[in-house]
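Step one of this worksheet: look at the structure below.
The values are calculated or read from the model by the stated rules, or taken from the named source; none is laboratory data. Since the structure is predicted, the reported quantities are computational estimates derived from the model, not experimental observations. Please note: Cβ atoms are built from the backbone with ideal geometry, for glycine as well, and neighbour counts cover all protein chains shown.
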Amino acid sequence: MSEIRIVAEMEVLPQHREALMPVLQALVDGSRGEAGNISYELTEDLSNVYHFFVIETWASQQAIDEHNVTPHFRAFVDFAEDKLKGMAVTLLKKVF
């Protein structure tokens, strides 16, 4: 199976942005160190500092499944649970 890309879009509640940043940094650093990770980037909307996109590329669905149970991912999920206005995750495959 080919690589899987993920775009995770989230909007943090303004009062939680600063507290969330170290958790996001740990998520990015930990994810980049995983064997199945090809790339992992946290990006910020130029017009809204509370709107983020995580753009990820994984070697396989198994790599994603393993990522979803790592301590750094679980810490993000637990911390962010009530600190986000919303979140959407889209899985993609390369066509060309």
(message) Tally up the residues in region 33-86 that are small (Gly, Ala, Ser) and in contact with a strand residue (DSSP E or B) (Cβ under 8 Å, 6 or more places away or on another chain), please.
(response) 7
(request) Determine whether region 32-40 contains at least one residue that is in a helix (DSSP H, G or I) and of a type in the set (Ser, Thr, Tyr). (result) no
(message) If residue 19 satisfies all but one of (1) among the small types (Gly, Ala, Ser); (2) surrounded by fewer than 18 Cβ atoms within 10 Å (Cβ to Cβ); (3) within 22 Å of residue 92 (Cβ to Cβ), what's the number of the condition it fails?
(response) (3)
(request) Taking the options 73, 52, name whichever one is on the phi < 0 side of the Ramachandran plot and in a strand (DSSP E or B). (result) 52
(message) Restricting to region 22-52, give me the number of residues that are loosely packed, with under 14 Cβ neighbours inside 10 Å and either among the β-branched types (Val, Ile, Thr) or in contact (Cβ under 8 Å) with a residue 24 or more places away in the chain (or both).
(response) 5
(request) Please indicate, with yes or no, whether at least one residue in region 77-94 is surrounded by 13 or more Cβ atoms within 10 Å (Cβ to Cβ), in contact (Cβ under 8 Å) with a residue 40 or more places away in the chain, in a helix (DSSP H, G or I) and of a type in the set (A, V, I, L, M, F, W, C). (result) yes
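Yes/no per residue for (1) under 18 Å from residue 84 (Cα atoms); (2) at pLDDT below 95:
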site	(1), (2)
1	no, yes
21	yes, no
34	no, no
46	no, no
50	yes, no
53	yes, no
57	no, no
62	no, no
(request) Taking residue 27 as the residue in question, decide whether it is assigned to a helix (DSSP H, G or I) and modelled with pLDDT of 95 or more. (result) yes
(message) Just checking, does region 58-73 include any residue being within 14 Å of residue 20 (Cβ to Cβ), touching a Ser or Thr at 6+ places or on another chain (Cβ under 7 Å), in contact (Cβ under 8 Å) with a residue 40 or more places away in the chain and surrounded by 13 or more Cβ atoms within 10 Å (Cβ to Cβ)?
(response) yes
